[in-house]
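The values are calculated or read from the model by the stated rules, or taken from the named source; none is laboratory data. Note that the coordinates shown come from a computational prediction; the quantities given were computed from them, not determined experimentally. Positions of Cβ are backbone-derived with ideal geometry, glycine not excepted, and every protein chain shown enters the neighbour counts. Surface areas here come from the heavy atoms of the whole protein model, side chains and all, with no ligands, DNA or RNA. Shrake-Rupley method; radii C 1.70, N 1.55, O 1.52, S 1.80 Å.
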Amino acid sequence: MNLAIHGNPMNPSPLRTLTLLEMCQSMNELHQIHAQTIITGLIKDTFTESKIVSFSLSPRRGNLCYGRSIYDQIEKPNSFIWYAMIRAYFNDSNSHEAISLFNQMLHFENLEYKFSVPFALKACGELAAIIEGKQIHGWVLKNHYNSDVFVLNALLKMYVDLGEIRVAGQVFDRMDQQDLVSWTTMIHGYMKFGELEIATNLFNRMPNRDKDSVTWNAMIDGYVKYGNIKEASKLFEGMPDKTLVSWNLIIDGYAKGGDIETARKLFNEMPKRDVISWNSMVDGYVKCRKIEEAKEFFDRMPQKDVVSWTIMIAGYVHNDLPKEALKLFQCMLIERERPDEATLASILMAISSLGLIEEGKWVHSFMGKHGFKVNGVLGSALIDMYSKCGYIEPAHKLFTDIVPKTLGHWNAMISGFAMHGLGKIALELFKEMERLGVKPNAITFIAILSACSHSGMVSDGLMCFQIMRERYALEPKIQHYGCIVDLLARAGMMKEALRVIEGMPMNPDSMMWKVILSACRKHGEANYGESATEKLMELEPNDASIYVLLSNIYAMAGRWEDVARTRMLMRERGLRKTPGCSSIVIGGVLHEFLAGGDSHPQYKEIVSKVGEVIGKLRLEGYRPDLTQVLLDVEVEEKENSLGFHSEKLAISFGLINTKKGMPIHVIKNLRVCGDCHSFIKLLSMVYDHEIVVRDQNRFHHFKNGSCSCMDFW
Ligand code: ZN
Ligand code: ZN
């Protein structure tokens, strides 16, 4: 628009200025018009003044500061200008200023407050400013707004936002007449605070409720959220006009509640579906661990959004299928669906469990390129990824660079140090956290206790356990007791460990007995082992690892008959030992080795490498530790089965394919056995090769003949 003013530039006609004001499109134009009104004195005209303020306060085109500067020069702003200012500050997330302006407005008389009060009340709700809110409530009563349903509805909403649902109820009951907004505000409020009965009561009394599907849906949603699918279903059935939202809510309710069959039946009956309906079904199948059905639904979706992809990827991750998660993530990128924070957090978990550092780095740089910030959940996920892939230094660097840090970042870093057996550093970090006034939570203590346990720091661990209760008033959960039992049992303090179990306020779980059982194996305590096994067999009769642990303990004690008996029991119950599996990434490809498995294309070469390594190590004094073999078999055969433990295969494969000076990273699904541990230690020296092994519990960094775990794992 050309604002050139024809005629006398010093005296443009007021009419023309007003026309320009009506057509104004940008702040630039407004500046020019504003200048004209000052020249002509038109600015003193209330209408013009209001128009200029109003434009500068418009959320998209305006400029709040400019509007404020005009407002500040107005001696007696009119009702509209007050209202526009208060609303603008509230919409600009400056609720403090909105309340302050409203208080100033009250000093001026003969104004219309009706439209400003609701924004002041909203601002109080937002800031949880209960005192100011009550003051405005008092003012409302004194100034005869107590029959204005518009103002009273705002008051109801404020009390609901402040969590004062009872006071809201009193206001509601005293209203001369309630409109649809009043009813729905109250019903939503009661539902929000779990007052299902009162909400239902109100809902049943609500006039014209059949026309208001939003409130029906709020009721259904509330019942679903509080786990009462029966009531939700009853409401759904009785609903006169079911909307797509209602269908989606009820299907999601059944799916989340685990009744996927009913969800599916309803899904099939739906008159119309959208992406939300499909997502609920995929999510439901994922939660029931029916991952194939979930994928079937996912593939059939006519349209997918980022949520659909994320549900499916997270589903794979939580069902221990990280490779499938990664594959799907690649498809997602190919189909040009942009991942969000949740997708990336899930995919980082998959990458961590596979130990694929290159993929992890790729996600990290992807985040940088696409503006994802590391100061939230993703920061913790990245720290976790670097630690779990064996790269504790980059994890620490990332942690140091994050400002400000959240508790999640501290927890991830302490866990990282714990996993790597860096107990002292973990403890230092914990102390620094305390110094900075960051309040630890239950997860922090699991991390710090397991750090102490992995490093054999018994007295530090016990001290942290005490701090947890006394300084932070956190009641230890079973996981914390588990850490303490682990700490004591690993250190061979079996009696003390058992005393902790006896003194716990809860029943010991199978994890606890497994800790005792593995400690018994480590310290060769067959007697304690037998009683722990009895307890375990009651709790988890079908867990093969228990039988394996017990037979290992018997084997160590040379009690071969008991070994055979345990094996027999295992066979009778149809249980099979989880096969050991180790993986290694070479040239970007993941190679997996199963104990004794021969499916790898380079199998022959690998076996001869294992033979070569064993031969070399024997010269340096390596003797296979035969107590680690489950079966009572001839010595040579035992040696053979030891040679085929999956980590030995993976490391030998790594030796063939890795240049000197590059550390070999291996991930194992079970705990590293004692024989493999001493084998790898010696190998790291003889071959002068750094080897990093992540087993079920922690990391082992092998270098120059020793391991970072100090043989304590
Ligand atoms: Zn082994
Ligand atoms: Zn080790």
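The table below lists the values:
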{"read-out": "Selection from region 674-693 of residues that are outside any helix (DSSP H, G or I), away from ligand 2 (no atom under 11 Å from the Cβ) and either open to solvent by less than 30 Å² (accessible area, probe 1.4 Å) or touching a strand residue (DSSP E or B) at 6+ places or on another chain (Cβ under 8 Å) (or both)", "value": "Tyr687, His689, Glu690"}
{"read-out": "Given (1) under 28 Å from Phe702 (Cα atoms); (2) in a helix (DSSP H, G or I), index of the condition Phe366 fails", "value": "(1)"}
{"read-out": "Filtered residue count, region 694-713, keeping only those that are part of a loop (DSSP other than H, G, I, E, B) and more than 16 Å from ligand 1 (Cβ to nearest atom)", "value": "5"}
{"read-out": "Identity of the residue in region 545-564, of a type outside the set (Phe, Trp, Tyr) and open to solvent by less than 10 Å² (accessible area, probe 1.4 Å), that ends up nearest to Arg576 (Cα to Cα)", "value": "Ile546"}
{"read-out": "Those residues of region 563-616 which are assigned by TED's automatic domain parsing to the domain that holds Asn669 and more than 42 Å from the chain's Cα centre (by Cα), in sequence order", "value": "Lys604, Glu605, Val607, Ser608, Lys609, Val610, Gly611, Glu612, Val613, Ile614, Gly615, Lys616"}
{"read-out": "From Tyr145, Tyr159, Tyr113, residue being hydroxyl-bearing (Ser, Thr, Tyr) and within 43 Å of the chain's Cα centre (by Cα)", "value": "Tyr159"}
{"read-out": "So Ile52, is it farther than 18 Å from Met23 by Cα, open to solvent by less than 20 Å² (accessible area, probe 1.4 Å), among the β-branched types (Val, Ile, Thr) and out of contact with any Asp or Glu (no Cβ under 7 Å at 6 or more places or on another chain)", "value": "no"}
{"read-out": "Of all residues in region 144-185 being touching a helix residue (DSSP H, G or I) at 6+ places or on another chain (Cβ under 8 Å) and polar (S, T, N, Q), the one that is nearest to Pro118 (Cα to Cα)", "value": "Asn153"}
{"read-out": "Flag if Val500 is open to solvent by less than 60 Å² (accessible area, probe 1.4 Å), over 23 Å from Thr578 (Cβ atoms) and either assigned to a helix (DSSP H, G or I) or modelled with pLDDT under 90 (or both)", "value": "yes"}
{"read-out": "Among (1) over 27 Å from Gln479 (Cβ atoms); (2) part of a loop (DSSP other than H, G, I, E, B); (3) touching a helix residue (DSSP H, G or I) at 6+ places or on another chain (Cβ under 6 Å) - the single one Gly421 does not satisfy", "value": "(1)"}
{"read-out": "In region 90-105, residue least open to solvent (accessible area, probe 1.4 Å) [restricted to those that are polar (S, T, N, Q) and part of a helix (DSSP H, G or I)]", "value": "Ser95"}
{"read-out": "Helices (runs of 4 or more DSSP H) lying entirely in region 272-321 (those with 3 or more residues that are surrounded by fewer than 19 Cβ atoms within 10 Å (Cβ to Cβ) and within 19 Å of the chain's Cα centre (by Cα))", "value": "306-318"}
